[in-house]
Amino acid sequence: MGRALSRSWEHGDLTGGPVDQVFAQVRQAVSGVIVERLAVTRASDDDNVYFLGVGTVLDRVQIDTGPGGQTPFFVETDSCRVVTSDVAEAVAAVSAGLGSGDVGAGDGLRW
C-alpha cells in the first residue's frame, strides 16, 4: 500500500458523507484506531483517501471514497480489496483489516 503525506483525521473531522459513519463505527469497534487523510498539494488532487492503523502500525488499511466521503468505498490491505457501497460491510472490512477479530457482517467477505 505505501502511504504518502497525510494528516490526522480526528473525531470532529467530517466529510458530510457516509464514510463518517464508517469511521465512527470503526472507532467504537476497534480500540486505539488512528485515521489519517491523504494530504494533497493541489486543490485538483483527489484527497478522498484515508489510512487507518492501530498503535504504532499506522498503515494497515486504506479506504478510498467518492468526493465528500460518498460511496463506493474501496477498502484495501496488503493482501485484499473490498469494494462496497454498504456502511456495515465497509466497517466489517476495515475492522477485519485492522485485526479486531470482531468483523460481524464481514464474516462473508472474500479476502
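Some observations on this one:
- Potential extension, His11-Ala39 segment - 0.36 nm per residue separation minus Cα distance: 8.3 nm
- Interchain or long-range residues, amide H under 5 Å from Ile34's placed H: Gly53, Val54, Gly55
Quick note: the coordinates plus some simple rules give every number you see, no bench work behind them. Predicted model, so just to flag it, every value in this text is computed and none were measured.
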